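Worksheet: one structure, shown below.
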């Protein structure tokens, strides 16, 4: 698929001004993550989300957070939601178990660390920080959890509308759920791309005794490699898909962090493979990177379906809305003419 020239120009400008690359998986990769998730949902998942039209909508929405980059002012809040540089927690004196699951409390944790130990942090060039994100190490797990909570809320009020709402209200609630499912998939898919969990997101930085590449490789992993080898299809991934599971009750944020930590462990193996030429796309050795990356697409899709299904299972009907709908029904019945 040809890239829009304006989008590429915008990406290059963004890369020059900010520390992060322009995207995670290419749109095609994000579509596949959402499609894998749809393929692993059980038959008792709400049927409205499994129609051909809904499936296409959910797949299309996988690219939405990257499309928001076409408006520069959105980069301030949107950009950091795509990553978390786990190694940089040490610089802040923070450990994963101590991270607050509330986004702005975590921001407070970082601010207090900077204020207490300014010597630990290099000065920031304002010209390279036009979106004011250079002091941040990313909000990816918070973006995933917040979208999970939005989805859970959507199922809760849908259940209430199904008990006493109008057909239009039910349809609108269903449309909202489809939207959140699609957008949420982007962030879960980002988490499956190991370079979205590391300070080495676009070439190795700092001490480099193994001699890993320092050139920009992010776009190669996002989709450039798949372009070289002719792409990958859902049909190729489906044999690796297993039925969805429900997350055990407990600390959702910890479960999300476990997911991201597992992908971060793959950062150095990824650089080892790149050093060995396994992402060149040339010859047998150059094709060896395909199983690694296709597995990550499946990992993202499976985690996404788990979160979707868990949100559905855990969503209790919105009792406040139920009570309001009951009052509305009673009022309508009392105003109806008596025979």
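Over the chain, DSSP H runs of length four or greater, each weighted -39,500 (n - 2.57), average out per residue to a 222 nm ellipticity of -17500 deg cm²/dmol.
Expressed in whole Å with the largest first, what are the equivalent ellipsoid semi-axes of the stretch 257-339 derived from the C-alpha gyration tensor as the square root of 5 times each eigenvalue? Can you show the working numbers first?
Working: eigenvalues 654, 40, 12 Å².
Over the Cα atoms of the stretch 257-339, the semi-axes work out to 57, 14, 8 Å.
Taking Cα atoms only, the orientation of helix 167-192 departs from the longest principal axis of the chain by about 20 degrees. Counted over the stretch 129-275 with a bin width of 10 Å, the fraction of Cα pairs per bin, in whole percents, is 9, 27, 32, 21, 8, 2, 0.
The mean sequence distance of close C-alpha pairs (under 8 Å, at least 6 residues apart), as a share of the length of the stretch 163-246, puts its relative contact order at 14 percent. Sorting 217, 144 by the number of Cβ atoms found within 10 Å of their own Cβ, with the fewest placed first, yields 217, 144.
Find the percent of Cα-Cα distances in the chain that exceed 29 Å, and round it to a whole number. Percent of Cα pairs beyond 29 Å in the chain: 44. Using only alpha carbons, the stretch 77-137 has a radius of gyration to Kirkwood radius ratio (Rg to Rh) of 0.94. With both labels modelled 7 Å from their Cα along Cα-to-Cβ, the residue 53 to residue 68 distance reads 2.6 nm.
How high is the relative contact order of the stretch 147-201? Use alpha-carbon pairs under 8 Å, at least six apart in sequence, and give a whole percent. Numbers along the way, then the final one.
Numbers: 22 pairs, mean separation 19.5, N = 55.
Taking the mean separation of contacting Cα pairs over the length of the stretch 147-201, I get 35 percent.
By other beta-carbon atoms within 10 Å, ranking 305, 334, 219 with the fewest at the front produces 334, 219, 305.
Values in this text are rule-based calculations from the coordinates and carry no lab data. Here the structure is a predicted model, which means the values were calculated and not measured. When we count neighbours, we look across all protein chains shown, and the Cβ atoms used for this are built from the backbone with ideal geometry, even at glycine.
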